[in-house]
Amino acid sequence: FNFLADDLCQGTNNTVADLLPSVPDGTYLYIWTGGGFYALAYDALVGGWDDPNVTLSPGEGFILDNPYGTNFTLTICGCEPTCPPPCTPANAWSLVGGFGTATATWSNLFSCPPPCGTEVILFNPVTQQYTTNTYVNGVWAPSAPVLAVGQSAWVHGNPTPGLIVTCPTNKTVP
């Protein structure tokens, strides 16, 4: 598996057929819908993707699975996005990537600061392991997430921050 993203603008040419025209036969593409995945398959015998008109927007993450492990080069062309990134996602999971041709930090992914408890989860395709970075009390731990060009990450914008205690005001203790 590879967690990838469309980091560029393609105008009206942002379908999977336009962006990923020549992947190995049998490749699968998974697009997060907010509650599950929409899966597409590439079949060279039928001329490409089984749903070639599905679109990928700038900053949208996706998962590409090449089950045969054959190496291939993936080049996504386009222009630098001029639109601002969206605000932090609500209490839900998002699969996102950066905007443009440089590494991406939080400010390249979203236009609003992360709420306390936000998680950014990066997948390492070499080790097949995840690293979770959590934002608490104004600091990322274990470190601030950085996405490579074309990489996507899971973001949970507002997870439950844990126990919250509300104390009455103007209370005097004798």
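The values are calculated or read from the model by the stated rules, or taken from the named source; none is laboratory data. Everything quoted here is computed from the prediction, not taken from an experiment. With ideal geometry, Cβ positions are generated from the backbone for all residues, glycine too; neighbour counts draw on all protein chains shown. Areas reflect the complete protein model, heavy atoms only, side chains present, ligands, DNA and RNA absent. Shrake-Rupley method; radii C 1.70, N 1.55, O 1.52, S 1.80 Å.
Here region 34-48 is the region considered, the condition is being out of contact with any Leu (no Cβ under 6 Å at 6 or more places or on another chain) and closer than 18 Å to Ser152 by Cβ, and the residue that is least open to solvent (accessible area, probe 1.4 Å) is Gly36. With respect to the conditions (1) over 22 Å from Val149 (Cβ atoms); (2) in a loop (DSSP other than H, G, I, E, B), Val23 falls short on a single one, namely (1). Residues in region 112-126 that are open to solvent by less than 70 Å² (accessible area, probe 1.4 Å) and part of a loop (DSSP other than H, G, I, E, B): Cys112, Pro114, Pro115, Cys116, Gly117, Pro125. Within region 68-99, the set of residues being modelled with pLDDT of 85 or more, assigned to a strand (DSSP E or B) and not hydroxyl-bearing (Ser, Thr, Tyr) comprises Trp93, Leu95, Val96, Gly97.
Only a single item in (1) in contact (Cβ under 8 Å) with a residue 24 or more places away in the chain; (2) surrounded by fewer than 19 Cβ atoms within 10 Å (Cβ to Cβ); (3) assigned to a loop (DSSP other than H, G, I, E, B) is not met by Ile63, and it is number (3).
Only a single criterion out of (1) open to solvent by 30 Å² or more (accessible area, probe 1.4 Å); (2) of a type in the set (Phe, Trp, Tyr); (3) farther than 15 Å from Trp154 by Cα is not satisfied by Trp93, namely (3). Kindly check whether there is at least one residue in region 25-33 that is β-branched (Val, Ile, Thr) and open to solvent by 20 Å² or more (accessible area, probe 1.4 Å). Yes, the conditions are met somewhere in region 25-33. Please specify each residue of region 49-59 satisfying the condition of being surrounded by fewer than 19 Cβ atoms within 10 Å (Cβ to Cβ) and outside any loop (DSSP other than H, G, I, E, B). The one that is surrounded by fewer than 19 Cβ atoms within 10 Å (Cβ to Cβ) and outside any loop (DSSP other than H, G, I, E, B): Thr55. Inspect region 118-125 for any residue being at pLDDT below 90 and either among the acidic types (Asp, Glu) or under 20 Å from Tyr30 (Cα atoms) (or both) and give the result as yes or no. Yes.
Of all the criteria given as (1) open to solvent by less than 70 Å² (accessible area, probe 1.4 Å); (2) more than 20 Å from Tyr30 (Cα to Cα); (3) within 17 Å of the chain's Cα centre (by Cα); (4) of a type outside the set (Lys, Arg), the one not satisfied by Ser143 is (3).
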